[in-house]
Amino acid sequence: MSKATDIRPRGATLYFLPVQTRVPLKFGPETLTHVTCARVAMRVEDAAGRAAVGWGETPLSVQWVWPSALGYETRHHALKQFCGILAREWAHFEASGHPMEVGHAFLEHRLPELLAAFNLDRDGEPMPWLAALVCCSAFDIALHDAYGMLHGAPIYDTYSAEYMNGALDDFIVPAADTTLSFADRHPGDYLVMPRRNRLPAWHLVGGKDWLDPSECDDSDPRDGYPVLLRDWIRRDGLKCLKVKLRGDDAAWDYERLLAVGHIAVEEGVDWLTTDFNSTVRDPEYVNDILDRLMLDHPRIYGMILYVEQPFPYELEKYSIDVHSVSARKPLFMDESAHDWRVIMRGRELGWTGVALKTCKTQTGALLSLCWAKAHGMTLMVQDLTNPMLAQIPHVQLAAHAGTIMGVETNAMQFYPEASRIEAAVHPGIYERRDGCVDLSTLQGPGFGCRIDEIARPLPEPAAVCE
């Protein structure tokens with residue numbers, strides 16, 4: 001079964017764009033000071049020979065996708081090498097259809113084979129699936145963008161029976177304990193349409209961020225941007241703060257939450273969330289912190305909207321029953337939420353929400369969104385500190401998902417100058433005003449990037465595959 005609107009990949013060009021942080025960002029036991037963004041231009045054709053190019057981009061956040069004692073550069077090089085392999089494979093991938101269908105076919109069949117072969121050829125620690133997904137996401141995003149460009153339609157208008165050959169039951173199945181059916185259902189049935197153009201923005205309070213002037217030292221970049229939390233709140237009108245914790249030092253985590261919470265109360269912030277970065281092994285670690293807050297600081301406890309990914313993301317290896325945590329606060333899967341199957345397992349273990357990320361592919365994020373919404377799970381869209389083009393599909397997903405509260409967006413904290421060229425066309429998504437980002441300039445086909453208006457000079461391609 002096919003439609004005249006179906007497309008097939010016909011070429012991919014890969015670029016690597018280095019970005020330096022202005023201040024360090026702590027990821028669990030590691031610290032990020034620079035990142036490489038993979039940018040992809042994908043050419044697609046339909047059966048009539050009409051062609052279009054779409055764009056996708058993802059930061060290859062080594063510390064997040066591949067936490068390890070391996071040296072940074074070893075992991076970084078492996079990610080870039082795998083992106084080069086993906087460029088060739090996507091350019092010659094023979095599946096055709098809607099991007100949901102083509103993307104799903106690649107994720108289900110080709111990507112696992114490629115990762116297995118890549119790891120077989122490597123000595124030492126294998127690259128994890130999450131890292132493979134992040135590398136693949138720039139290509140998958142470009143595929144969706146190209147489809148919209150070819151048909152002159154915003155991509156979110158195409159997730160329907162008018163464009164897709166099948167329904168959601170071709171991709172996902174409901175949990176056995178429900179009477180749900182995905183027959184005759186499409187992603188568009190679970191999306192917010194039309195989207196909201198203003199979204200509350202979550203600010204990341206990193207583990208190394210300064211809260212008090214006494215903490216400032218010679219590492220202050222003195223670049224005109226704030227370094228203290230209060231200054232960020234006042235400058236951007238922030239109402240939502242995400243607090244990075246350690247997960248292996250309960251005393252430090254509790255005191256950090258208190259310190260941020262007191263500032264939040266004094267500055268009129270409405271909401272907090274806690275991010276333990278997958279380092280906790282026992283639910284009682286989280287429960288004890290929450291219970292202490294509830295008894296001793298009920299105002300701060302009440303401001304915690306949800307708890308994010310305290311436990312290791314390998315759910316099959318660490319099948320931890322988390323009902324006791326989700327009985328206290330909504331509990332969101334982040335790193336764990338690779339796809340809808342893992343979310344189904346998470347639901348069985350007691351997780352109640354899902355943090356979506358475009359860096360795990362647009363196709364996968366939408367299928368996870370549909371499965372989670374159908375099963376009554378709450379959604380959030382979390383950041384991978386997305387600069388430049390990566391920010392566009394990120395905020396688009398949040399605007400169409402119907403999240404618990406806005407979108408996390410923190411590239412303007414850690415590398416604001418990196419997106420200055422894109423911000424000339426889309427200023428509202430690269431700055432936060434009155435605590436919100438503004439998507440109103442994202443218009444037109446695909447993701448609304450308006451790439452022809454963005455005058456970014458690109459480096460020599462790392463790969464050109466036709």
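The values are calculated or read from the model by the stated rules, or taken from the named source; none is laboratory data. Predicted model only: the values in this text are computed from it and were never measured. Here the Cβ positions follow ideal geometry from the backbone for every residue, glycine too, while neighbour counts run over all protein chains shown.
Please determine whether any residue of the range 354-364 is under 26 Å from GLY435 (Cα atoms), surrounded by fewer than 24 Cβ atoms within 10 Å (Cβ to Cβ) and modelled with pLDDT of 95 or more.
no
Condition check ((1) under 29 Å from LEU295 (Cα atoms); (2) loosely packed, with under 13 Cβ neighbours inside 10 Å; (3) in contact with an Asp or Glu (Cβ under 8 Å, 6 or more places away or on another chain)) across all residues:
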{"position": "LEU204", "(1), (2), (3)": "yes, no, yes"}
{"position": "GLY207", "(1), (2), (3)": "yes, no, no"}
{"position": "PRO213", "(1), (2), (3)": "no, yes, no"}
{"position": "ARG234", "(1), (2), (3)": "no, no, yes"}
{"position": "ALA250", "(1), (2), (3)": "yes, no, yes"}
{"position": "SER278", "(1), (2), (3)": "yes, no, yes"}
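Taking the range 413-429 on its own, how many of its residues are hydrophobic (A, V, I, L, M, F, W, C), in a helix (DSSP H, G or I) and modelled with pLDDT of 95 or more?
Going through the range 413-429 one residue at a time, the tally reaches 4.
On the given criteria, is THR21 over 18 Å from PHE106 (Cβ atoms), in contact with a His (Cβ under 9 Å, 6 or more places away or on another chain) and modelled with pLDDT under 95?
So THR21 passes the test.
Yes/no matrix, rows are residues, columns are (1) without any contact (Cβ under 8 Å) to a residue 40 or more places away in the chain; (2) among the charged types (D, E, K, R); (3) in contact with a Pro (Cβ under 8 Å, 6 or more places away or on another chain):
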position: PHE16; (1), (2), (3): no, no, yes
position: LEU25; (1), (2), (3): no, no, no
position: GLU57; (1), (2), (3): no, yes, no
position: SER61; (1), (2), (3): no, no, no
position: VAL65; (1), (2), (3): no, no, yes
position: SER68; (1), (2), (3): no, no, no
position: GLY71; (1), (2), (3): yes, no, no
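Quick one: which of ALA12, ALA4 is out of contact with any Pro (no Cβ under 8 Å at 6 or more places or on another chain), closer than 20 Å to LEU111 by Cα and of a type outside the set (Phe, Trp, Tyr)?
It is ALA12.
Could you check how many residues of the range 79-113 are in contact with a helix residue (DSSP H, G or I) (Cβ under 9 Å, 6 or more places away or on another chain) and among the small types (Gly, Ala, Ser)?
Within the range 79-113, residues that are in contact with a helix residue (DSSP H, G or I) (Cβ under 9 Å, 6 or more places away or on another chain) and among the small types (Gly, Ala, Ser) number 5.
Scan (1) surrounded by 18 or more Cβ atoms within 10 Å (Cβ to Cβ); (2) touching a Pro at 6+ places or on another chain (Cβ under 9 Å); (3) without any contact (Cβ under 8 Å) to a residue 40 or more places away in the chain for the single condition TRP271 breaks and write down its number.
Evaluating TRP271 over (1) surrounded by 18 or more Cβ atoms within 10 Å (Cβ to Cβ); (2) touching a Pro at 6+ places or on another chain (Cβ under 9 Å); (3) without any contact (Cβ under 8 Å) to a residue 40 or more places away in the chain leaves (3) as the failure.
Being of a type in the set (Ser, Thr, Tyr), farther than 24 Å from ALA201 by Cβ and within 23 Å of the chain's Cα centre (by Cα) narrows it down to one of TYR254, TYR306, TYR285, TYR313, so name that one.
Only one candidate passes the filter, namely TYR313.
Table: residues versus (1) in a loop (DSSP other than H, G, I, E, B); (2) over 19 Å from SER137 (Cα atoms); (3) aromatic (Phe, Trp, Tyr).
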site: ALA69; (1), (2), (3): yes, yes, no
site: LYS80; (1), (2), (3): no, no, no
site: ILE85; (1), (2), (3): no, no, no
site: ARG88; (1), (2), (3): no, no, no
site: ALA95; (1), (2), (3): yes, no, no
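Restricting to the range 33-67, give me the number of residues that are surrounded by fewer than 16 Cβ atoms within 10 Å (Cβ to Cβ) and either farther than 29 Å from ALA95 by Cβ or among the polar types (S, T, N, Q) (or both).
Adding up the residues that qualify gives 2.
Could you please give the count of residues in the range 288-329 that are free of Cβ contacts under 8 Å to residues at least 24 places away in the same chain, among the charged types (D, E, K, R) and exposed (fewer than 13 other Cβ atoms within 10 Å of the Cβ)?
Count: 2.
Within the range 2-26, take every residue that is outside any strand (DSSP E or B) and among the charged types (D, E, K, R) and give me the one that is surrounded by the fewest Cβ atoms within 10 Å (Cβ to Cβ).
LYS3
Pull out all pairs, ordered by first then second residue, where Cβ-Cβ is under 6 Å, the residues are six or more apart or on different chains, the first lies in the range 120-131 and is outside the structural domain of LEU315 (by TED's automatic domain parsing), and the second is small (Gly, Ala, Ser).
MET127/ALA78
Take TYR147 and tell me if it is of a type in the set (Ser, Thr, Tyr), crowded, with 21+ Cβ neighbours inside 10 Å, in a helix (DSSP H, G or I) and touching a residue at least 40 places away in the same chain (Cβ under 8 Å).
yes
Can you confirm whether ALA259 is surrounded by 15 or more Cβ atoms within 10 Å (Cβ to Cβ), of a type in the set (A, V, I, L, M, F, W, C) and not in a strand (DSSP E or B)?
Spelling it out, ALA259 is indeed surrounded by 15 or more Cβ atoms within 10 Å (Cβ to Cβ), of a type in the set (A, V, I, L, M, F, W, C) and not in a strand (DSSP E or B).
Is the range 193-201 home to any residue that is in a helix (DSSP H, G or I), touching an Asp or Glu at 6+ places or on another chain (Cβ under 7 Å) and in the same structural domain as GLY261 (by TED's automatic domain parsing)?
no
Search the range 207-251 for residues being at pLDDT below 90 and under 30 Å from PRO283 (Cα atoms), and hand back the single one that is farthest from the chain's Cα centre (by Cα).
Checked the range 207-251; the qualifying residue farthest from the chain's Cα centre (by Cα) is LYS208.
PRO427: in contact (Cβ under 8 Å) with a residue 24 or more places away in the chain and either touching a strand residue (DSSP E or B) at 6+ places or on another chain (Cβ under 9 Å) or among the basic types (Lys, Arg) (or both), yes or no?
It is false that PRO427 is in contact (Cβ under 8 Å) with a residue 24 or more places away in the chain and either touching a strand residue (DSSP E or B) at 6+ places or on another chain (Cβ under 9 Å) or among the basic types (Lys, Arg) (or both).
Do we find that ASP184 is part of a loop (DSSP other than H, G, I, E, B), out of contact with any strand residue (DSSP E or B) (no Cβ under 6 Å at 6 or more places or on another chain), on the phi > 0 side of the Ramachandran plot and of a type outside the set (Lys, Arg) in this structure?
yes
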